[in-house]
Amino acid sequence: MLARRRAAATGAVVAALLLAGTTAATAGPGIVTPGGETWAAELALEGGDDTGVVLADGAVRPATPRTEGVLTVAPRRLLRPAAALDGTVTADLPPGTSVDLQARGLDAIGQWGPWLAVRDRAPARFAGPTSEVQVRLRLRGAADGSAVPAAREVWLTSETAEPAPPDTATATPPTIATDRPRVAAATTTSPTSPATTTSPISAPSSTAGLIWDGSIATKGLGGFKDTPYNITGSSTVTVIDGPPKAIRFTVPSGSQRAEIEPDVDEFGEGETRYFRLTYTLPPSFPLNPSGFQLATQWKNDGTGSPPLELRIEDGTFRLGGGFGRPGGSRLFATDIAPAITGRPVDLVVGIVFSSDPAKGRVDVWVDEQQKLAGFRPPGGTLYPGKQSYWKVGLYRDTGNAGTATADLGVARLGETYESVAGGPAPSTTTSSPTASPSVTSTASSPTSPTPTVRTDGVGGP
């Protein structure tokens, strides 16, 4: 989904208007193709789930400044089951305002699934095929009350689900061996390893609770979304054969990002997730950049700096974030452990996602040693009313000197430490001395980066 300024409607949207022969305020029959359906959502206030919005001059706006409004569109029954839903919003967006599009689908037993963000070139993907979908808009005014957004048109396109393979004994093997990036096979090993040798990046022995395995050794980039807009300037993302096989991120001086997104769902209030990343930084890696330098981020929907990010700066791995929190910055930074070059470093980050600072928490292990335990960011681990998604790779200030290169050998997501690490958490923990919440508020800390120049928006800088 792209929330476009009114004057920036694309040719695709204009063509859709002409083909449909309708306006954005009419839920017409839409355009049906083998790949899906395209239609204009009806922007009408029907009460019920609509809160804090008004309809005036053909546009939907927050009812008052400094508030968030929600417009929930009536459900639509599809002609063919859909696997995903994409959308385009045309809106007036004064500085400091935003419009987010979310979608959900009705499952096989008649229950609505969770609300999923629809982002530019990254549609909402449902847990299973759905024949009925619903969308909503979340509109936010400027924090100082000076302006509100105005949503004028919403065009939606469903992605038809592929039919399930026939359930017969004569089904051919290719129809069974589907490449589902969210499902990890417990027997996956590196094809270059001898039969008697376990690959150093094979799947964990304990897969209970494992949600996703990037399986880089066998699939390369196959377990990640196609998001070319996350690679800017002269930056590159490539697969190297190794051994071991890895994904290489390269960001030269003057460029900004080389990031990819694991093919996983977004994270919402109350969820607990564990993330594993195994990075190798070369000896030449710039450990002391002049500006910010990120190795992964748990990015909020919409624009702004994320609530959580893993930085490499001042010779350390550092947890930070919170600058873009709605209503006021909750910027923090806390050291995890010294950054090591020349060999693989295994990082496991456990997060309880919550916008409530009393509930959100972070635990971090480095090479199986716990370095951060029960850390509570001052602004929580989510922004209020938003979900977060996962980005891996390098994102750095364009003013940083030198070329930054990092190799990613393992990327996993699970419900427990054991599911991503392959064994139980070590019984002995060593917390970083800087992990105390008493030092987390670092708005004036000399070790903090300069996030005020960051505009880490949807799908690009």
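Taken together, the values in this text are just the output of simple stated rules run on the coordinates, not laboratory data. Source: prediction; values computed, not measured. Glycine gets a Cβ as well: all are built from the backbone with ideal geometry, and neighbour counts include every protein chain shown.
Report the local net charge at residue 241: Lys and Arg +1, Asp and Glu -1, summed over other residues whose C-beta lies under 12 Å from its C-beta.
Taking every other residue near residue 241 into account, the sum is +1.
By the gyration tensor of its Cα atoms, with a ≥ b ≥ c the square roots of the eigenvalues, what is the shape of the stretch 257-333: rounded for a/c under 1.5, prolate for a/b over b/c, or oblate?
Verdict is oblate for the stretch 257-333.
Arrange 247, 240, 340 by Cβ neighbour counts within 10 Å, fewest through most, would you?
Ordered by Cβ neighbours within 10 Å, fewest first: 240, 340, 247.
Is the C-alpha gyration tensor of the stretch 338-389 telling us rounded, prolate or oblate? Criteria: a/c under 1.5 is rounded; beyond that, a/b larger than b/c is prolate, otherwise oblate.
In terms of gyration-tensor shape, prolate.
Compute the separation of the alpha-carbon centres of the stretch 301-346 and the stretch 91-166 and state it in Å as a whole number.
28
For the stretch 263-298 and the stretch 225-248, what is the centre-to-centre distance using only Cα atoms, to the nearest Å?
Measuring centre to centre over Cα atoms gives 15 Å.
Which order results if 389, 395 are arranged by neighbouring Cβ count within 10 Å, fewest first?
389, 395
With 31 Å as the limit, write out which pairs from 245/386; 245/371; 219/359 have Cα-Cα distances beyond it, or answer none.
245/386; 219/359
Assign one of three labels to the stretch 210-453, namely rounded, prolate or oblate, based on the Cα gyration tensor with a ≥ b ≥ c the square roots of its eigenvalues; rounded applies when a/c is under 1.5, prolate when it is not and a/b is larger than b/c, and oblate otherwise.
rounded
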